[in-house]
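Derivation of every value follows stated rules applied to the coordinates shown; laboratory data play no part. Predicted model only: the values in this text are computed from it and were never measured. Note that we place each Cβ from the backbone using ideal geometry, even for glycine, and neighbour counts take in every protein chain shown.
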Amino acid sequence: MEVIVRHVEDKDIEAIKNLYAGKNAYSGTLQLPFPSLRMWEKRLSDLPDNVYSLLAEKGGEVVGQVGMEVLTRPRRKHVAQFGMAVNDNYLGLGVGSKLLSTIIDLAENWLNVSRIELTVYTDNAPAIALYEKHGFVIEGEARDYAFRNGEHVNVYHMARVKS
């Protein structure tokens, strides 16, 4: 079955909440365990014009999500930032790659974005490899960037610059 990427609709919010309830999803992002439906409804029900939320679906099941913000400050309008998660049961099956290639196409070919930025935990080797496969490079490291599972952890700042 093929992975389909589409825009998030209100009917998807509970499935997205469930996606981020997965241990890999909340451990690999800045989300907290035990997400509430109300929080996700507030976050996704009325997105600003510069924010895009797409999901990956396989056989009618939500298996991944990516959110991207195109910056609006005059000197940073060429930049977007994103975060994403894949269902714990679908890691390594191409879902992240499909979401990432779709968001890159949207940013670079439709929204006039020439720089896409992200942060990724330094111990998340599969995600780092995915980002590098899609042209992102490590630009620096931030120490003690976030608190996860009882300890502070570092992140890499990565970016893809369209040439």
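On a 20 Å Cα-Cα criterion, which of the cross-link pairs K98/K133; K42/K77; K77/K133; K133/K162; K11/K77 come out too long? Each step should come with its number before you reach the end.
Numbers: K98/K133 12 Å; K42/K77 25 Å; K77/K133 25 Å; K133/K162 14 Å; K11/K77 31 Å.
Violating the 20 Å limit, Cα to Cα: K42/K77; K77/K133; K11/K77.
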Linear extension gain, Q81 paired with N50, 0.36 nm per residue minus alpha-carbon span: 10.1 nm
Between region 2-21 and region 124-163, what is the C-alpha centre distance in whole Å? 24 Å
State the extension gain, in nm to one decimal, for the chain segment bounded by R115 and R143, taking 0.36 nm per residue of separation less the distance between their alpha-carbons. 7.8 nm
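Helix-only estimate, please: 222 nm mean residue ellipticity of the chain, summing -39500 (n - 2.57) across DSSP H runs of length 4 or more and dividing by its residues, to the nearest 500. Show your work: numbers first, answer last.
Numbers: 5 runs with 46 residues, N = 163.
Result for the chain, helices only: -8000 deg cm²/dmol.
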In region 37-96, if every C-alpha pair distance is counted and binned at 5 Å from zero, what percent goes to each bin? 4, 16, 22, 21, 17, 12, 6, 3, 0
Taking log10 I(q)/I(0) by the Debye sum over Cα atoms at q = 0.13, 0.20 Å⁻¹ as the quantity of interest, determine which of (i) -0.71, -1.28; (ii) -0.61, -1.51; (iii) -0.58, -1.37 was computed from the displayed structure. (ii)
Among all the aspartates and glutamates, which ones have a C-alpha under 14 Å from K17's C-alpha, if same-chain residues fewer than 8 places away are not counted? E9, E41, E61, D88
Given R₀ = 22 Å, FRET efficiency for R38-E9 by Cβ-Cβ distance, to 0.05? 0.80
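Taking other Cβ within 10 Å of each residue's Cβ, how do F34, F82 sort, fewest first? Walk me through the intermediate numbers first.
Details: F34 8, F82 19.
Lowest to highest Cβ neighbour count: F34, F82.
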